[in-house]
Amino acid sequence: MYRTHTCGELCATHIGQTVTLSGWVQRVRNLGGMIFIDLRDRYGVTQLVANENTSNDLTEVVETLGREYVIKVEGEVLERTNKNKKIPTGEVEIDIKCLTILNTSEVPPFTIEDETDGGEELRMKYRYLDIRRKPVKNALMHRHKVGQAVRRYLDAQDFIEIETPSLIKSTPEGARDFVVPSRMNPGEFYALPQSPQTFKQLLMVAGMDKYFQIVKCFRDEDLRADRQPEFTQIDCEMAFVEQDDVISTFEGMVASVFKDILNVDFAAPFQRMSYNDAMSLYGSDKPDLRFGMEIRDLTDLAKGKGFVVFDKTEFIGGISVPSCANYSRKQLDGLTKFVQRPQIGAKGLVYVKLGENGDIKSSVDKFFTPDDLKQWASHMGAEDGDLLLIMAGDRIQTLEALGQLRLEMGERLGLRPADSFAPLWVVDFPLLEWDEETNRFYAKHHPFTSPVQSDIHLFESDPAAIRANAYDLVINGAEIGGGSIRIFDRELQYKMFKVLGFTEAQAEDQFGFLLNAFKYGAPPHGGIAFGFDRLCSVMDGVESIRDYIAFPKNNAGRDVMINSPSSISVEQLAELKIKLVE
Ligand code: ASP
């Protein structure tokens, strides 16, 4: 038998018992007469001790132990003289009576400690060692618990878990598809699903009523730190629902998961905000509502006063940063550089310092009187001691840049604590988005999203003004989930495809299976999908989703551990009837 207990469970009540433990050698401390070993497994760490009473043979074996050796020990549980209050097993230690080396280990390429000396790439290459570290292990355990809590809630609400295929058909859903060649059908390809969208809709036509699936999705996009080419969704769909039904069901799910796992109570209902308000007040469609610092429009007040930069611009807006009027020249230059970074792309930054004693200093003193500046301050609800940060330019770009600056200032002022959560539904998204480059409309959510009933007449006259029955759940500035009420009427679906530039034949070719299903009594339906990896990371107050994925890919889409993607053999290519071009 390898073990009677785990390395995380022995405590004072076990004193005097003889136990067997197995695990990895975390650390060996040889203090001459005494040798201490920290033995680790998934459950914790237990201290083993060899002392002057230990036989010479045994001590010799103990002295050969290296980091990450796998051992089995038998011994008596003793009360420790120096208790360690920080770990659950800190009251006891095991007096080694028998020790077997089950496996040796090379010196690991980085330290297996909470704070490691291993860089990201190295840790990914040896991910199986990285996962032995507590923060990564805990992240995976957290993910497991979140998944279980989700399943418990949805099961209790009568949802059933149904798997949908991974080898499907390439469809334009927004991102690029990953494709898989078909050996049995040379020249033809499957696509990996960007989401099970059309399948879950077909399940509603099939009468399954409430579906969910914790499912892998694949999108061939350029990667950012918080994106992965394969990621997991909690994908859900319901029949006979309106927007409010979906929102309240999944608000319930999120509240129950936060309660179960973090013991955090969310007040119901969650706040809701229109997409337009989110953009004008926070410069983002996923505002972080842990703090205020809303954007104010200064266009009318600041335009036409002889400052050329402002006079020829579409939009002027600013934020008022509390108690930062004492910012130095250097700090302000730093902020200007921050907004000029390519990711933000602003031209410059105007400041107004509202001194404690009422005196005002600004980078635009020459163009505006103190009274003008006071007017801005009062319009922005600013107080003495505040710092106004102002930008001008194209409306949406400027709002987005102000939104980024707002987040940065919130961060600097400590207004975004990891253990506070601000959930928000963003609603009333536009149905369509015009793309200047390709000169056509794209679906803001996806082509199956239904327009708001009262806006349907706008399809001919003003498609850009049509609102969608779509909603996003945002927590702390991260989009946790998004969904919509779907089109379930063939004619309306055709109309939607038409505005997206599909001919009837193209629509038939790509989505004939769905349009056909709509001939046979499709019920009204709608749903949502949550980013499972992101939900887990946001709950932990962590920005990157990587540690919540056992084997993630790097920014170049590579798995550096198994070295994938990789080339395939000439024989495999021939079998697939694929010729590579140079
Ligand atoms: N399939 C959608 C997505 O992946 C979510 C939904 O509309 O339910 O974004």
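Values in this text are rule-based calculations from the coordinates and carry no lab data. Model, not experiment: these values are computed from the prediction. Counting neighbours? That spans all protein chains shown, and the Cβs are built from the backbone with ideal geometry, glycine included.
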Size of charge dipole - segment 296-378 - debye, nearest 20, with Cβ of Lys, Arg +1 and Asp, Glu -1, no other charges: 380 debye
Within the chain: Cβ-based charge dipole about Cα centre, in debye rounded to nearest 20 (Lys, Arg +1; Asp, Glu -1): 700 debye
Rg [Å, one decimal], Dmax [Å, integer] - the chain, C-alpha atoms: 29.8, 92
Segment N439-E163, length gained on full extension (0.36 nm per residue, minus Cα span): 95.6 nm
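If each residue of separation counts as 0.36 nm, what is the full-extension length gain between D244 and E9 once their alpha-carbon separation is subtracted?
79.9 nm
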Share of pairwise Cα separations in segment 291-366, more than 17 Å, in percent: 54 percent
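Return the loop-located trypsin sites (Lys or Arg not before Pro) in segment 220-280 (DSSP other than H, G, I, E, B) with at most 15 other Cβ atoms within 10 Å of their own Cβ; answer none if there are none.
R224
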Two-decimal Rg/Rh across segment 430-536, once Rg and the Kirkwood Rh are taken from alpha-carbon atoms: 1.00
Inter-site label distance for E504 and T64 at 7 Å from Cα along Cβ, in nm: 8.2 nm
Positive dipole terminus of the chain, leading residue within V28, F218, W376 (C-beta point charges): V28
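Just subtract the alpha-carbon distance of E106 and A267 from 0.36 nm times their residue separation and send over the number in nm, one decimal.
Extra length available between E106 and A267 comes to 52.7 nm.
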For segment 486-546, with +1 on Lys and Arg beta carbons and -1 on Asp and Glu, the positive-most of G512, G541, I487 along the dipole: I487
Aspartates and glutamates with Cα under 16 Å of K303, excluding same-chain neighbours fewer than 8 positions away: D311, E314, D365, D371, D372, D394
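Please report, largest first and rounded to whole Å, the three semi-axes of the ellipsoid equivalent to segment 542-582, where each semi-axis is the square root of five times an eigenvalue of the C-alpha gyration tensor.
32, 10, 8
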Segment 43-141: C-alpha pair distances exceeding 20 Å, %: 51 percent
Sequence-separation-based contact order of segment 46-201, relative, with Cα cut under 8 Å and 6+ spacing, percent: 15 percent
Inter-part distance where segment 411-451 and segment 518-575 are each reduced to a Cα centre, Å: 21 Å
Charge dipole (debye, nearest 20) of segment 53-152; +1 at Cβ of Lys and Arg, -1 at Cβ of Asp and Glu: 980 debye
Computed over segment 347-506, Cα set: Rg, Dmax in Å: 21.9, 71
Dipole axis of segment 224-300 (+1 Lys, Arg; -1 Asp, Glu on Cβ), positive-most option in V246, P269, M293: M293
Loop-located trypsin sites (Lys or Arg not before Pro) in segment 274-374 whose Cβ has at most 13 other Cβ within 10 Å (DSSP): K305, K312, K366
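Counting helices only, and only those DSSP H runs with n ≥ 4, report the 222 nm mean residue ellipticity of the chain as the sum of -39,500 (n - 2.57) divided by its residues, in deg cm²/dmol to the nearest 500.
About -8500 deg cm²/dmol.
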Dmax and Rg, reported as Rg then Dmax, of segment 93-196 (C-alpha, Å): 22.3, 67
Cα-Cα over 21 Å, subset of K145/K259; K86/K137; K134/K286; K169/K200; K495/K519; K286/K374: K134/K286; K286/K374
Label-point gap, in nm, between E460 and L122 - each point 7 angstrom along Cα→Cβ: 6.8 nm
Between 0 and 90°, nearest 10: helix 395-412 axis offset from the chain longest Cα axis: 30 degrees
Rounded FRET efficiency, nearest 0.05, which uses the C-beta distance separating M208 from K579 and R0 of 41 Å: 0.45
Folded to 0 to 90 degrees: helix 490-499 orientation relative to the chain principal axis, Cα: 80 degrees
Using distinct alpha-carbon pairs, which all enter the 1/r mean, Kirkwood radius of segment 152-267 in Å: 16.2 Å
Inter-label distance for T336 and F513, nm, one decimal - labels placed 7 Å from Cα along Cα-to-Cβ: 5.7 nm
Qualifying chymotrypsin sites (Phe, Trp or Tyr not before Pro) in segment 1-99, DSSP loop, other Cβ atoms within 10 Å at most 11: Y2
Degrees between helix 243-262 axis and first principal axis of the chain (Cα, 0 to 90, nearest 10): 30 degrees
